[in-house]
Amino acid sequence: MLLINEFFTYSTKYEPWLKLKIREFNQLGYHQISEEDLWNYIASFCWKKKIPTHYYQQINDIMKITPNHYLDYAAVEAQVYKVTSLDEMDLEDLF
């Protein structure tokens, strides 16, 4: 199964499709989303349980991603940020 840390080696065959999708997002006004962000979404959410067996199915999964799909994922990821203790947080800036 594909892991996120395999981004640079595994995504070479997906690179044109990721670039195309990022270009589409840019045209829609979402300039902050990078190829790596999109790949992390695909690897850790879309294909978390099973990667489609055929290449055309994998490309179809990439091409049907909307900005809302990615932003929902990013919002959830931001909310489950892992902090082991309050000692690690800088609370001085809050007051």
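Can you go through I62, I33, I22 and tell me which one is surrounded by 16 or more Cβ atoms within 10 Å (Cβ to Cβ), of a type in the set (A, V, I, L, M), assigned to a loop (DSSP other than H, G, I, E, B) and modelled with pLDDT of 90 or more?
When all the criteria are applied, what remains is I33.
Those residues that are modelled with pLDDT of 85 or more and among the hydrophobic types (A, V, I, L, M, F, W, C), I need them from region 65-92; list them, please.
I65, L71, A74, A75, V76
Can you name every residue in region 21-49 that is out of contact with any helix residue (DSSP H, G or I) (no Cβ under 7 Å at 6 or more places or on another chain) and touching a residue at least 40 places away in the same chain (Cβ under 8 Å)?
W47
Among the residues of region 52-70, write down those that are of a type outside the set (S, T, Y) and free of Cβ contacts under 8 Å to residues at least 24 places away in the same chain.
Going residue by residue through region 52-70, those that are of a type outside the set (S, T, Y) are 52, 54, 57-65, 67-69.
Selection gives P52, H54, Q57, N60, D61, K64, N68.
Restricting the search to region 36-59, which residues are closer than 14 Å to E15 by Cα and surrounded by 13 or more Cβ atoms within 10 Å (Cβ to Cβ)?
Within region 36-59, E36, D37, L38, W39, N40, I42, A43, Q58, I59 meet the criteria.
Anything in region 42-59 that is under 16 Å from the mean Cα position of the chain (by Cα) and in a helix (DSSP H, G or I)? List them, or say none.
Result: I42, A43, S44, F45, C46, Q58, I59.
The values are calculated or read from the model by the stated rules, or taken from the named source; none is laboratory data. This is a predicted model, so every value here is computed, not measured. Here Cβ is always computed from backbone atoms with ideal geometry, including for glycine, and neighbour counts include all displayed protein chains.
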